[in-house]
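Scroll down for the structure; my scribbles are underneath it.
Just so it is clear, none of the values below were taken in a lab; they were calculated from the coordinates. Since this is a predicted model, take the numbers as computed values, not measurements. Cβ sites come from the backbone with ideal geometry, for glycine too, and all protein chains shown count toward neighbours.
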Amino acid sequence: MSSFRNTLPSRHVLIVGGGIAGPALALFLDKAGIRSAIYEAHPELADIGGAICIAPNGMNILAQIGLADQVAAAGTPITSMAFHTPKGRLLGTMAYGQTAGAGRPAIALSRAVFHAMLLEAAAARGIAVHYGKRLAAIDDDGTRVNATFEDGSEAQGDILIGADGIRSRVRRCILPDAPEPAFTGLVGAGGFLPNSAVPNVEPNGEHVMHLIYGTKAFIGYAFGDRGTADGAFWWYALARDKPLDAASRAALMGDAGKQALLAAGNDWSPEIRAMLTKTTRVIPPLDIFDMPSLPAWSSGRVALIGDAAHAVSPHSGQGVSMALEDALVMARELRDAPTAEMAFATFVEKRRERTEKVIAFGRHSGNSKRHGPVISFIQSLLMPLFLRFAPSFAWVYDHREEWERPEEEKRAA
Ligand SMILES: Cc1cc2nc3c(=O)[nH]c(=O)nc-3n(C[C@H](O)[C@H](O)[C@H](O)COP(=O)(O)OP(=O)(O)OC[C@H]3O[C@@H](n4cnc5c(N)ncnc54)[C@H](O)[C@@H]3O)c2cc1C
């Protein structure tokens, strides 16, 4: 087994992918005194995606790279979820991660604002981000890794971490026979709108995320970015048998998408219909996939983190938080393990069970959004009961990954 820590004092990590997991990993590696550089396919920092909600477990990770307060100041804390019928009747509410000792609340903001913060923090630490570098191939000779990009350029490092998302090229390089992402039967999109356009319904207040299970579509809305004219946002899930083809995608783009959603909700309340018509920016539709279990997350000196290893569907609200937890755990293990291979093995030990449980949770939550009128009606009847006796989601939101190991673990090492 090749030694990582002992023979490579000037360690250098190649990180492929400058989304969420990549820059977060670079920041934790920097904290550990390990050098890294990020290689991102996009030609520049791109303003991609709609709004996200970073769950309490993800906020705990951000606190450990000094970003939690900045993120909290940019977005809106979400402390509860309210469930409604399409006609606007309140079915009940549920706390969002406010169980004992849950720490920071979830924060809703746009992905673009959060992404820019991560990359600015990386730049402030002197971490290089190379744009326009789409990985093509990897050569791992057992002591060094060589990455070749589509523009013909190359980079060398001691190890390579694939943080290149659900369509990961790194995964294809190291696990050519691995299963492909699986379509969840849902298409998602959304839009931004002025805060003043958010329906004034019970329970009122900016810290509530409203969720409406319509007979043909699911829709949610909340407040997000502060300090912008259209910081509030909505998103939807539409059931589909297969991913969108070009024609059905075009029918869901821009204003047509807004009209399609209005049509899918012939039972939406007037407040919801009014909100949709006040949308100022529509997010293009996206087929929702998640990842079947992979046979491995690493090979030799190359490993996967974030969506590349275990994409969870957005219906779990955990994709960003899983990427952040991965980043902390991978950097912590690389800091402390005697070899890269041992760090990768411990990473799998610590992360596989939890991420697979979250994938199943996301699938279950997504399935509850693809029922027809009859099941939706029964669901709305049962919702108040469910909310009263809801299972605890503390295992999702209260989970804590800490950069500093507990004293007993340190003594045992
Ligand atoms: C519609 C939608 C809504 C969501 N809402 C939420 C939410 O509310 N809360 C939440 O926690 N999560 C949410 N998620 C999930 C979350 O966005 C992802 O789980 C998270 O972004 C994963 O981070 P990542 O860094 O692993 O991958 P990504 O963020 O996808 O980043 C991967 C990066 O790798 C780059 N890349 C790809 N291929 C290459 C290559 N060959 N070479 C170099 N670079 C490459 C990409 O350009 C990208 O920048 C949502 C996802 C979707 C689709």
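For the chain, the longest principal axis of the C-alpha atoms and the axis of helix 319-336 are separated by about 20°.
Listing Asp30, Asp47 from fewest to most neighbouring C-beta atoms within 10 Å gives Asp47, Asp30.
Would you mind pulling out the separation of the Cα centroids of region 55-118 and region 281-357, in Å? Between the Cα centres of region 55-118 and region 281-357 lies a distance of 21 Å. Once divided by 2.2 N^0.38 Å, the Cα radius of gyration of region 13-57 becomes 1.32. Compute a Gaussian network model of the chain, connecting alpha carbons closer than 10 Å, and tell me which residue from Pro295, Pro285, Pro338 fluctuates the most. Checking each option, the largest mean-square fluctuation is seen for Pro295.
Each Lys and Arg contributes +1 and each Asp and Glu -1, all at the Cβ; summed about the Cα centre of region 313-358, the dipole is approximately 120 debye. Taking label positions 7 Å along the Cα-Cβ direction at both Thr143 and Leu45, the computed distance is 3.9 nm, reported to one decimal.
Taking every alpha-carbon pair within region 23-117, the share separated by more than 15 Å comes to 69 percent.
Placing a pseudo-label 7 Å from each Cα along the Cα-to-Cβ vector at Tyr131 and Met253 gives an inter-label distance of 2.3 nm.
Taking other C-beta atoms within 10 Å as the exposure proxy, Asp241, Asp326, Asp151 rank Asp241, Asp151, Asp326 from fewest upward. Considering the options Leu276, Ser293, Ala311, tell which one lies farthest towards the positive end of the dipole of region 248-345, charges being +1 on Lys and Arg and -1 on Asp and Glu at the Cβ, about the Cα centre. Working it through, the farthest residue towards the positive pole turns out to be Leu276. Pairs spanning more than 22 Å between alpha-carbon atoms, out of Lys133/Lys242; Lys133/Lys350; Lys87/Lys357; Lys216/Lys242: Lys133/Lys242; Lys133/Lys350; Lys87/Lys357. In terms of surrounding Cβ atoms within a 10 Å radius of their Cβ, Thr215, Thr277, Thr76, Thr355 rank from fewest to most as Thr277, Thr215, Thr355, Thr76. Put a plus charge on the Cβ of each Lys and Arg, a minus charge on the Cβ of each Asp and Glu, and nothing anywhere else: the dipole of region 5-124 about its Cα centre is then about 400 debye. Note on Thr228 and Ala123: the model spin-label points, each 7 Å out from Cα along the C-beta direction, lie 1.7 nm apart. Computed over every Cα-Cα pair of the chain and binned at 10 Å starting from 0, the pair-distance distribution P(r) comes out as 5, 22, 32, 24, 12, 4, 0 percent. For region 208-354, the spherically averaged projection of the C-alpha convex hull amounts to 12.0 nm².
FRET efficiency for the Arg167 to Phe393 pair, using the beta carbon distance and R₀ = 22 Å, is estimated at 0.15.
Per the Kirkwood formula on distinct C-alpha pairs, the Rh of region 64-129 is how many angstrom?
14.3
Taking a ≥ b ≥ c as the square roots of the eigenvalues of the Cα gyration tensor, an a/c ratio of 1.5 or more together with a/b larger than b/c marks region 83-221 as prolate.
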